[in-house]
Amino acid sequence: MSIIGDWLHKSEGPARTSGQLHVGSMASGMAVTLPYVAVRGARPGRTLWLHGQVHGDEINGMVAALRFARALRPEAMQGNVVVTPTGNPQALDARRKRNPYDELDLDQTYPGNASGLISERLAHALMAEVRGVADVLINLHTMNPLFDARPYTVYKVHPDSRVTEADVLAAMAPFHPHVACQQDVGGKGELPGNISGALDYQCLAAGICAFMLELGSGSRFEPENIAVAERGFHALAVQMGILDGTSTASAAPARTLRRVKRRGWITADGGGLFLPAARAGDLVREGASIGDTMRLDASVTPVSPFPRDGVLIGLRSDPVVHTGERLAFVAWEWDTVNIA
Ligand SMILES: [Zn+2]
């Protein structure tokens, strides 16, 4: 049963609603729910679904999605917009990435399990609503609070999905991402974990066009990154036929994207204070260093020079580093793709 889908499709006429999807309860009796906002247009059409966060300390996407929904005029729409501002309410309330009650990474947990741990139940409850309802879903993220980044996208290719890579690239183009990273679902060379458990990958499996939009830093309100997302939501809704594009000044989608096929982390070889000599988004040339590590005896060691050209997707902004901690997230291979 889909509560949101039923509301969108079993009644008619422009309207908006909001509510809470019941998932469970705490020992105290306090409810564990997924909040939602749904906006139904005057005429039937496609459905754009904005999922504000799966990681509880990633805030910019929630703000952008809620602002976008708030400004919509249902009587002027053909189709629907749904916002689930958080998929991880307990992590949001605790100001942390993971749910404190099971420590799972929710974005490695989809499609979930109705009789599993609480993160798995939250994942299952969301997928039950999304499946058969969303046409395009955006899985909103940020980097963690220790990093700066320019807005970018991450996507996967699902071998059995009817959604093609070209479809996903076209849906990302309205956001003008700094880079569009094609993530290997095997996860090689990036971070350990169950990458196929990402919401966007499970949406592709369900025939929904989906990708991750990364909006700067966690635990912060960043107006410029939020504005990028709001403009992109608008332009994508025009592209999907939900909003009328003639009456607005929404920016045209990007005609090309910088597609990244390999990326990786630079980690610290020693502890100290990382003093960057570059900024997030920069192209760093082969042989250049991204900064120095200053130790507390006043000595300074440059970070190892880049073995080849790389683009800084994310750069550490918190100087305190220990051996093995991440300094930068780097795109190592890219090409330029035309948008259909
Ligand atoms: Zn995230």
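Return the residue satisfying two criteria in turn: it lies in region 192-218 and is in a loop (DSSP other than H, G, I, E, B) and either in contact (Cβ under 8 Å) with a residue 24 or more places away in the chain or away from the ligand (no atom under 16 Å from the Cβ) (or both), and of such residues it is surrounded by the most Cβ atoms within 10 Å (Cβ to Cβ).
Looking at residues that are in a loop (DSSP other than H, G, I, E, B) and either in contact (Cβ under 8 Å) with a residue 24 or more places away in the chain or away from the ligand (no atom under 16 Å from the Cβ) (or both), I get Ala198.
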Residues within region 118-128 that are buried (at least 22 other Cβ atoms within 10 Å of the Cβ) and either under 14 Å from Val81 (Cα atoms) or in contact with an Asp or Glu (Cβ under 6 Å, 6 or more places away or on another chain) (or both), tallied: 1
I'd like to verify a number: residues in region 141-175 that are under 14 Å from the mean Cα position of the chain (by Cα) and part of a loop (DSSP other than H, G, I, E, B), how many? 4
Residue that is surrounded by the most Cβ atoms within 10 Å (Cβ to Cβ) [pool: residues in region 40-81 that are within 30 Å of Ser217 (Cβ to Cβ) and more than 21 Å from the chain's Cα centre (by Cα)]: Leu72
I'd like to know if region 308-322 contains one or more residues that are surrounded by 12 or more Cβ atoms within 10 Å (Cβ to Cβ), under 30 Å from His176 (Cβ atoms) and among the polar types (S, T, N, Q). yes
Among the candidates Glu103, Glu120, single out the residue that is on the phi > 0 side of the Ramachandran plot and in contact with a Ser or Thr (Cβ under 9 Å, 6 or more places away or on another chain). Glu103
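Would you tally the residues in region 101-125 being away from the ligand (no atom under 16 Å from the Cβ) and closer than 21 Å to Ile138 by Cβ?
Keep residues of region 101-125 that are away from the ligand (no atom under 16 Å from the Cβ), which gives 101-102, 111-118, 120-121, 124-125.
Of the ones still in play, those that are also closer than 21 Å to Ile138 by Cβ are 111-112, 124-125.
Qualifying residue count for the region: 4.
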Modelled with pLDDT under 95 and either more than 16 Å from the chain's Cα centre (by Cα) or not assigned by TED's automatic domain parsing to the domain that holds Phe68 (or both): is that true of Gly207 in this structure? no
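Condition first: more than 21 Å from the chain's Cα centre (by Cα) and either surrounded by fewer than 18 Cβ atoms within 10 Å (Cβ to Cβ) or over 23 Å from Val154 (Cα atoms) (or both). Can you find one or more residues in region 257-266 that meet it?
The answer is no, given that none of the residues of region 257-266 is more than 21 Å from the chain's Cα centre (by Cα) and either surrounded by fewer than 18 Cβ atoms within 10 Å (Cβ to Cβ) or over 23 Å from Val154 (Cα atoms) (or both).
Go over the candidates Phe274, Phe221 one by one and state the one that is away from the ligand (no atom under 16 Å from the Cβ), surrounded by fewer than 18 Cβ atoms within 10 Å (Cβ to Cβ) and within 18 Å of Phe147 (Cα to Cα).
Phe221
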Suppose we keep only residues that are among the charged types (D, E, K, R) and in contact (Cβ under 8 Å) with a residue 60 or more places away in the chain within region 79-100. Which one would you say is farthest from the ligand (Cβ to nearest atom)? Arg95
If you go through region 203-223, how many residues are within 20 Å of Ala237 (Cα to Cα) and not hydrophobic (A, V, I, L, M, F, W, C)? 2
Does Thr164 meet the test of being of a type in the set (S, T, N, Q), at pLDDT 95 or above, out of contact with any helix residue (DSSP H, G or I) (no Cβ under 7 Å at 6 or more places or on another chain) and in the same structural domain as Gly61 (by TED's automatic domain parsing)? yes
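The values are calculated or read from the model by the stated rules, or taken from the named source; none is laboratory data. Bear in mind that the values here come from a model prediction, so they are computed numbers and not experimental data. Reconstructed Cβ throughout: ideal geometry from the backbone, glycine too, with neighbour counts over all protein chains shown.
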